[in-house]
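Only one structure is covered here, and it is reproduced in the block below.
The values are calculated or read from the model by the stated rules, or taken from the named source; none is laboratory data. Since this is a predicted model, take the numbers as computed values, not measurements. So basically every Cβ, Gly included, is an ideal-geometry build from the backbone, and we count neighbours across all protein chains shown. Heavy atoms of the whole protein, side chains included, go into the accessibility calculation; ligands, DNA and RNA do not. Shrake-Rupley method; radii C 1.70, N 1.55, O 1.52, S 1.80 Å.
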Amino acid sequence: MLKGLIFDLDGVLTDSARYHLSAWNNLAQELGITLTDDQLDALRGISRMDSLNMILKFGGQENKYTEAEKEKFAAEKNEKFVEQVETMTPKDILPGIPELLKDAKAQKLKMVIASASKNAPKILTRLGIMDEFDGIVDPATLSKGKPDPEIYIKAQELAELKADEVISFEDAKAGVEAIKAAGQFAVGIGNKDLLSEADYIVPTTADLKLSKIEEVFNSK
Ligand code: BG6
Ligand code: MG
């Protein structure tokens, strides 16, 4: 029986994923690395330092910088990202999400955030929906990032639920992989070829309808 929903944040509740990707793209260009669209897409859901290491690898620069230099690059990227976050308002909640949260509340479902972002509390506060959630996994407590299932297992524990009692939402391939590795029902939002491992896929958040998703969840 469905008892809870677990949400990724960037690219699911709001379109902050594009701020992450454009900040990474700028940093990559400063380092003389040109990223393809597929490489940028592969960064979705990936933690800050893992993203930087992936970019350096894409550019053949994986051994070029010291840890201290990498920390500096990551901090620079984060500064640019936070500048964008500061402009966010409740209007930046993606279409379909307010209705989804309302339907979940009406059914008394637990709701937890499973975002790799250390900026999640800041973003949720800017969106005015911080109080909607029963918990946020602290990414600083994780030993491995997505696609490892750790974050989704922790989210399920925060909700005090079992894997077959939750539906989890993701826009990232690495995120869908993490959900499936945790044994949970995955809703993928975005490109169906990229998110093919998900149990239910919609092109955009506007296509999310809790009753429809539940039908598929109950039939599994
Ligand atoms: C994820 C984003 O939610 O958080 C990634 O999808 C991002 O793009 C990651 O790298 C870490 O975010 P932050 O805000 O801690 O750098
Ligand atoms: Mg995401």
Projected onto the charge dipole of the stretch 1-83 (unit charges on the beta-carbon of Lys, Arg, Asp and Glu, signs +1, +1, -1, -1), the Cα from Gly60, Asn25, Met1 with the largest positive-side position is that of Met1
Under the classification rounded if a/c is under 1.5, otherwise prolate if a/b is larger than b/c and oblate if not, where does the stretch 1-151 fall, given a ≥ b ≥ c as square roots of the Cα gyration tensor eigenvalues?
prolate
Under the rule rounded for a/c under 1.5, else prolate if a/b exceeds b/c, else oblate, using alpha carbon gyration tensor axes a ≥ b ≥ c, the stretch 96-210 is classed as rounded
For Ile201, list long-range residues whose amide hydrogen, built 1.01 Å from N in the peptide plane, is under 5 Å from its own amide hydrogen.
Gly188
Flagged as over-length at 25 Å C-alpha distance, from Lys118/Lys209; Lys162/Lys192; Lys105/Lys144; Lys108/Lys192; Lys102/Lys162, the pairs are Lys118/Lys209; Lys162/Lys192; Lys105/Lys144; Lys108/Lys192
Using +1 on the beta carbon of Lys and Arg, -1 on that of Asp and Glu, and nothing else charged, what's the dipole of the chain about the Cα centre, debye to 20?
180
At 1.4 Å probe size, with the rest of the protein present, what percent of the exposed accessible area of the stretch 111-220 is carbon and sulfur atoms?
49
Aspartates and glutamates whose Cα lies under 17 Å from that of Lys154, excluding same-chain neighbours fewer than 8 positions away
Asp8, Asp134, Asp138, Asp164, Glu165, Glu170, Glu177
Kindly rank 143-153, 5-15, 122-132 from highest to lowest mean number of other beta carbons found within 10 Å of each residue.
5-15, 143-153, 122-132
Could you tell me which of rounded, prolate or oblate describes the stretch 88-132, using a ≥ b ≥ c as the square roots of the eigenvalues of the alpha-carbon gyration tensor, with rounded for a/c under 1.5 and, failing that, prolate when a/b is larger than b/c and oblate otherwise?
oblate
